[in-house]
Amino acid sequence: MTDASETPTVTGLPSGLSPRTPGLEDHEPVVALLAAHQRSVRGSSSVDPAAVASALTGTASWTRRQVVLDDAAGRVVAWASVHDRAAGRTVVDVTLVPDLPSGDATAAALFAWAETAALEITRLRELDGTQLDASAYADDERQRTWLGKAGYRHTRTWLQMSRPVPPEEGDPGALPGPREGVTVRRVAKHDDGLPVAQDLQTVHRMLEESFADHFNSYRESFPEFLQRLREDPGHRWDHWWIAEIDVDGEQVPGGALVSTVLPPDDSGIEGSYVDYIGVHRRSRGRGVAKALLHTVIADAAQRGRNRVGLEVDADSPTGADGLYVSMGWETKYRTESWHRDVTVGDA
């Protein structure tokens, strides 16, 4: 969606800053930019260079409109991205180097550019409006201030949790098995290794129906869901699971979990990440969530990984955070969702 032949128009930029469309040469500078921002807020960095490459110029870039800013010395000092995630939902990311003197004015200009870009996408989708979805670390007062001034409102807080995985948890019987009447299996594959479409559709349906009563739920089409997850460099088909339950002697889908590969941490060891876990309403109270989580923990241990990460709503209506704590997860830091609803008539 980004046209490298055109220079993005960003009005209101302080003098000395020049906008342009990012290219392959910007990968390392943008990784360094994101890492510096994370260290300034959290004291450490967990930037995934492969994920940055995918979003910047790779498979995940075609659904984005992007701009980088160079200062007078040619240093990349900002990166902004508008991601057409799904019909009616647009993800906005704006990151600046911590030491940029004109940060306030620069952020204001980039958020204004993001709104314009999002509305252009909205018109192409022939929609009346979209929700702008931005995020901030809970301790990042600078970013939170910029979002507030740009018209966004803080809508939710998320716990970023991690659980260590000792090698012995990969041994048979080391973790509790599913309750009676519950089974967990990977999505089926064809002989050529590709997943069976019906199983993928089952995963999508389980997640859509499981989250129907959760915060900010909206319907994401199956093609959009599939394409978005496949854009993640950590995506693997053998990291998708379906939980089935016995209902009057018949096995029916009761939940699903999708995970990905986390890049190596400071010790050089990979981890697993739970992108989605959903338990259908008809399955709640039967230990389906625990069965799925024990499955991904055991899988991580068997692959030699050292941790499983996940994100959970701090105000989860199902009390999921309590379940995760009881199973060994700890909160490492908090992030926030900030939303703004815009309509085509705003432009």
Original post:
In degrees between 0 and 90, to the nearest 10, how far off the longest principal axis of the chain does helix 197-210 point, with axes built from Cα atoms?
Top reply: 80
Subject >> Acute angle (nearest 10 degrees) that the helix 103-124 long axis makes with the longest principal axis of the chain, alpha-carbon atoms >> reply: 70
**OP:** Quick one: net charge around Arg340, please, counting Lys, Arg +1 and Asp, Glu -1 for every other residue with C-beta under 9 Å from its C-beta.
**Re:** -2
**OP:** Pop a pseudo-label 7 angstrom from the Cα along the beta-carbon direction at both Thr59 and Ala72 and give the gap in nm to one decimal.
**Re:** 4.4
Original post:
Using all Cα-Cα distances in the chain, what percent lands in each 10 angstrom bin from 0 up to the longest?
Top reply: 5, 22, 33, 24, 12, 3, 0, 0
Subject >> the range 284-333: equivalent-ellipsoid semi-axes (sqrt of 5 x gyration tensor eigenvalues, Cα, Å) >> reply: 20, 15, 7
**OP:** For helix 288-302, report the angle its Cα long axis makes with the longest principal axis of the Cα atoms of the chain; keep it between 0 and 90° and round to the nearest 10°.
**Re:** 80
Original post:
What's the extension gain from Glu250 to Val344 if we count 0.36 nm per residue and subtract their Cα-Cα distance?
Top reply: 29.0 nm
**OP:** Taking the Cβ of Ser45 as the centre, find all other residues whose Cβ is under 12 Å away and add up their charges (Lys, Arg: +1; Asp, Glu: -1).
**Re:** -1
**OP:** Calculate the spin-label point distance for Asp99 paired with Thr183, positioning each point 7 Å from the Cα along the beta-carbon direction, and give it in nanometres.
**Re:** 6.0
**OP:** Please arrange Leu124, Leu119 by counting, for each residue, the other beta carbons lying within 10 Å of its beta carbon, fewest first.
**Re:** Leu124, Leu119
**OP:** Assign one of three labels to the range 197-347, namely rounded, prolate or oblate, based on the Cα gyration tensor with a ≥ b ≥ c the square roots of its eigenvalues; rounded applies when a/c is under 1.5, prolate when it is not and a/b is larger than b/c, and oblate otherwise.
**Re:** rounded
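Each reported figure results from applying straightforward, stated rules to the coordinates on display, with no laboratory input. Computed from a predicted model, the values in this text were never measured in an experiment. Because the Cβ atoms are built from the backbone with ideal geometry, glycine has one as well, and the counts that use them run over all protein chains shown.
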